[in-house]
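A.B. asks: Before we start, here is the structure in question, set down as structure tokens.
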Amino acid sequence: MITVLQSMVMVAVFLLMYMVIGMRSSPIRGDFLLYIMSGVLLFRAHIQTVKAVQGAGGALAPMMLYAPMNPIVTMTSAALAELYQQTLSIIIVLTIYHCAFTPISIDNPIGAMGMLLLAWFSGIGVGIVFLAITPWFPRTMGIVGQMYRRLNMIASGKMFLVNSLPASMIAMFDWNPLFHIIDQNKGFVFLHYNPHFTTISYPLYVSLTLLVIGMMGMFFTRQHVSASWSAGR
């Protein structure tokens, strides 16, 4: 329930912000609030997954002292729990809006669900890299995680329509997998929007690369972990 309320509050905040700056209609032919939710809800799914995986418990966690436990188990359980919460939250928010306010129509629901899964998967990739580095620099990585989440408030592109941006602004955010995912999601949600400057393959390849790097980092960390690390700090 808290996840649902947080999602609704974030959508309401962005709706109010758009109204304050004088933007009262969707830049795409379609429902304005659905346009906001198509970016905000995927943004939340991504950053919450990063946060959950990074805080899942690394090689120094007390639970790792038990033989059956390892960081992969805790990371997987945290990621799956976050996927469940975010999916349920999105379903509830869209159902409430559909039933209580106005009927909504999603052009390609399967494609939109695929982008939700890709946003979640990319969050796992980023989170596992942070998790692998955290035992070495615990305080620094806590700050880095917060900075990443704050940076994506803008860099995710959820407030922009990428096709309408100048090339200089696209170049500023093109490195971010979430930027591609949210723009592609708008293409699946709205019939009259076709993304020209983003791809699905880029965030998929980046996420797979980050996942491999993170797994290698976790293996290396477990080979060198010591209970005295925290005592030294």
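A.B. asks: Out of everything in segment 1-51 that is among the aliphatic types (A, V, I, L, M) and assigned to a loop (DSSP other than H, G, I, E, B), what residue ends up being most open to solvent (accessible area, probe 1.4 Å)?
C.D. replies: Residue satisfying both the conditions and the ranking: Met1.
A.B. asks: Quick check on segment 146-163: of everything there that is crowded, with 22+ Cβ neighbours inside 10 Å and of a type outside the set (D, E, K, R), which residue is nearest to Leu204 (Cα to Cα)?
C.D. replies: Only one residue tops the list, namely Ser156.
A.B. asks: For segment 164-185, state whether one or more residues are surrounded by 21 or more Cβ atoms within 10 Å (Cβ to Cβ), in contact with a Pro (Cβ under 7 Å, 6 or more places away or on another chain) and of a type in the set (D, E, K, R).
C.D. replies: There is at least one residue in segment 164-185 that is surrounded by 21 or more Cβ atoms within 10 Å (Cβ to Cβ), in contact with a Pro (Cβ under 7 Å, 6 or more places away or on another chain) and of a type in the set (D, E, K, R).
A.B. asks: Scan segment 185-195 for residues that are assigned to a loop (DSSP other than H, G, I, E, B) and touching a residue at least 60 places away in the same chain (Cβ under 8 Å) and jot them down.
C.D. replies: Phe190, Leu191, His192, Tyr193
A.B. asks: Still on this model: Can you go through Ile182, Ile170 and tell me which one is of a type in the set (A, V, I, L, M), assigned to a helix (DSSP H, G or I) and at pLDDT below 90?
C.D. replies: One residue alone meets the criteria, Ile170.
A.B. asks: So, one more: What pairs come up if the first residue lies in segment 10-21 and is without any contact (Cβ under 8 Å) to a residue 60 or more places away in the chain, the second is open to solvent by less than 50 Å² (accessible area, probe 1.4 Å), and their beta carbons are under 6 Å apart, counting only those six or more places apart or on different chains?
C.D. replies: Partner pairs satisfying both residue conditions: Met10/Val40; Leu15/Ile36.
A.B. asks: If you don't mind, another one. Would you confirm whether or not segment 113-125 contains a residue that is of a type in the set (Val, Ile, Thr), within 21 Å of Val212 (Cβ to Cβ) and either assigned to a helix (DSSP H, G or I) or touching a Lys or Arg at 6+ places or on another chain (Cβ under 6 Å) (or both)?
C.D. replies: Within segment 113-125, one or more residues are of a type in the set (Val, Ile, Thr), within 21 Å of Val212 (Cβ to Cβ) and either assigned to a helix (DSSP H, G or I) or touching a Lys or Arg at 6+ places or on another chain (Cβ under 6 Å) (or both).
A.B. asks: Between a first residue in segment 101-124 that is under 23 Å from Leu33 (Cβ atoms) and of a type outside the set (Lys, Arg) and a second residue that is open to solvent by less than 30 Å² (accessible area, probe 1.4 Å) and in a loop (DSSP other than H, G, I, E, B), which pairs have beta carbons less than 7 Å apart while being 6 or more apart in sequence or on different chains?
C.D. replies: Note: pairs meeting the criteria are Asp107/Phe190.
For (1) closer than 29 Å to Phe219 by Cα; (2) of a type outside the set (Gly, Ala, Ser), each residue gets a yes or a no:
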| position | (1), (2) |
| --- | --- |
| Ile133 | yes, yes |
| Met147 | yes, yes |
| Met153 | no, yes |
| Ala167 | no, no |
| Gln184 | no, yes |
| Phe197 | no, yes |
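A.B. asks: Still on this structure: Looking at segment 74-85, is at least one residue assigned to a helix (DSSP H, G or I), out of contact with any helix residue (DSSP H, G or I) (no Cβ under 8 Å at 6 or more places or on another chain) and open to solvent by less than 70 Å² (accessible area, probe 1.4 Å)?
C.D. replies: yes
A.B. asks: Ok, one more. Output the residue which, of all residues in segment 104-133 that are β-branched (Val, Ile, Thr) and touching a Leu at 6+ places or on another chain (Cβ under 9 Å), is least open to solvent (accessible area, probe 1.4 Å).
C.D. replies: Ile128
A.B. asks: A further question on this structure: State all residues of segment 158-167 that are under 20 Å from Ala12 (Cα atoms) and over 12 Å from the mean Cα position of the chain (by Cα); if no residue qualifies, say none.
C.D. replies: Met159, Phe160, Leu161
A.B. asks: Could you look through segment 93-103, keep only residues that are of a type in the set (A, V, I, L, M) and within 21 Å of Ala45 (Cα to Cα), and pick out the one that is most open to solvent (accessible area, probe 1.4 Å)?
C.D. replies: Looking at residues that are of a type in the set (A, V, I, L, M) and within 21 Å of Ala45 (Cα to Cα), I get Ile96.
A.B. asks: Any residue in segment 196-205 that is part of a helix (DSSP H, G or I), surrounded by 18 or more Cβ atoms within 10 Å (Cβ to Cβ) and modelled with pLDDT of 90 or more?
C.D. replies: Yes.
The values are calculated or read from the model by the stated rules, or taken from the named source; none is laboratory data. This one's a predicted model, so the numbers in the text were calculated from it and none came from an experiment. Glycine gets a Cβ as well: all are built from the backbone with ideal geometry, and neighbour counts include every protein chain shown. Please note that ligands, DNA and RNA were not included when accessible areas were found on the heavy atoms of the full protein model with its side chains. Shrake-Rupley method; radii C 1.70, N 1.55, O 1.52, S 1.80 Å.
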